[in-house]
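Undergrad: Submitted below is the structure of interest, expressed as structure tokens.
The values are calculated or read from the model by the stated rules, or taken from the named source; none is laboratory data. For clarity, every value in this text was computed on a predicted model and none was experimentally measured. As a convention, Cβ positions derive from the backbone with ideal geometry for all residues, glycine included, and neighbour counts pool all protein chains shown. When the accessible area is computed, the model is the full protein with side chains, heavy atoms only, and any ligands, DNA or RNA have been set aside. Shrake-Rupley method; radii C 1.70, N 1.55, O 1.52, S 1.80 Å.
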Amino acid sequence: MNERILVVEDEKELAELLSLYLRAEGYEVTVCHTGMQARASIGEKEPDMAILDVMLPEDDGFSLCRRLRQTSFCPVMFLTARTADADKILGLNLGADDYVTKPFSPMEVMARVKSLLRRYHHYNSGLAQSQPVKEYDIRGLRISRISHSCELYGKTLALTPLEFDILWHLCEHQGQVVSSEALFEAVWKEKFLDSNNTVMGHIARLREKMGEPPRAPRFIKTVWGVGYTIESR
């Protein structure tokens, strides 16, 4: 069955352009122009992916992302004319998987959509079971590649596929410092840009879910100017 993608964009010409490109790739597309329309659509049937404009009539993309994350881990991509890093970090902290700034190339958006959906389906289909059995238990943090589950002190953590992959990569390299560039390219499978704050936003969201003290995290530690590490002891 073709994936259902929800496009929420108040610029009707832009929404129609995205819809045309997505349908040409075989996706089922639902277009909404206001936040309230989008909430009604989500209530009827959750999408396999959501592309959300940040600034919308009646509601905003951030609120819609919060709504989606209550029940779904489907990929979420923000589209926005806002370029401030604080806005990008906020979106990623809410559980978004990608953030595209207007103006953009529709072909770039299509490539990102395909990449996010591939990663999402790989996570949910259990394709990693064909790999050697692996599980880490680091001071009460237990993460399993086989069941795609993560627990902290016996409590299940509700991680998005990207958050799981970030944490897994850090656990794989426990005791080592992983640079932001290496982490991004290992998880996102794309070239890292110096101005990219995507990793920082997702690390902040992971720490929040883990209840990590911002100034003295017990697990994901920042090595300033270098990257991130999970100490083995």
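Undergrad: What is segment 132-233 by shape, rounded, prolate or oblate, if you read a ≥ b ≥ c off the alpha carbon gyration tensor as root eigenvalues and call it rounded for a/c under 1.5, prolate for a/b larger than b/c, and oblate otherwise?
TA: Prolate is the answer for segment 132-233, as a/c is 1.5 or above and a/b outweighs b/c.
Undergrad: Residues of segment 162-233: accessible area per residue at 1.4 Å, in Å²?
TA: 51
Undergrad: Output the Cα-based Rg and Dmax of the chain in Å, rounding Rg to one decimal and Dmax to a whole number.
TA: For the chain, the Cα radius of gyration and maximum Cα-Cα distance read 17.9, 55 Å.
Undergrad: Just to be sure I understand the model, the point goes 7 Å from the Cα along the line to the Cβ. What's the resulting residue 121 to residue 186 distance in nm?
TA: My value for the distance between the label points is 2.6 nm.
Undergrad: Which ³J(HN,Hα) values in Hz, rounded to whole numbers, follow from the phi angles of segment 213-229 under the Karplus curve 6.51 cos²θ - 1.76 cosθ + 1.60, where θ = phi - 60° and Gly and Pro get x?
TA: Once rounded to whole Hz, the list reads x, x, 8, 9, x, 8, 10, 7, 9, 8, 9, 4, x, 10, x, 10, 8.
Undergrad: I need the phi-derived Karplus couplings for segment 48-62: 6.51 cos²θ - 1.76 cosθ + 1.60, θ = phi - 60°, integer Hz, Gly and Pro marked x.
TA: 7, 7, 10, 10, 10, 6, 6, 8, 9, x, 6, 7, 10, x, 4
Undergrad: Continuing with the same structure: Can you give me the % of accessible surface on the chain that is carbon or sulfur? Probe 1.4 Å, all protein chains present, nothing else counted.
TA: The C+S portion of the solvent-accessible surface of the chain is 51 percent.
Undergrad: Cα axis of helix 106-125 to longest principal axis of the chain: angle in degrees, 0 to 90, nearest 10?
TA: Compared with the principal axis, the helix lies near 50 degrees.
Undergrad: Take residue 193 and residue 102, extend 7 Å from each Cα along the Cα→Cβ direction, and tell me the distance between the two endpoints in nm.
TA: Between residue 193 and residue 102, the simple spin-label model gives 1.8 nm.
Undergrad: Counting only heavy atoms of the protein chains, get the accessible area per residue of segment 1-60 (1.4 Å probe) and round it to a whole Å² value.
TA: 50
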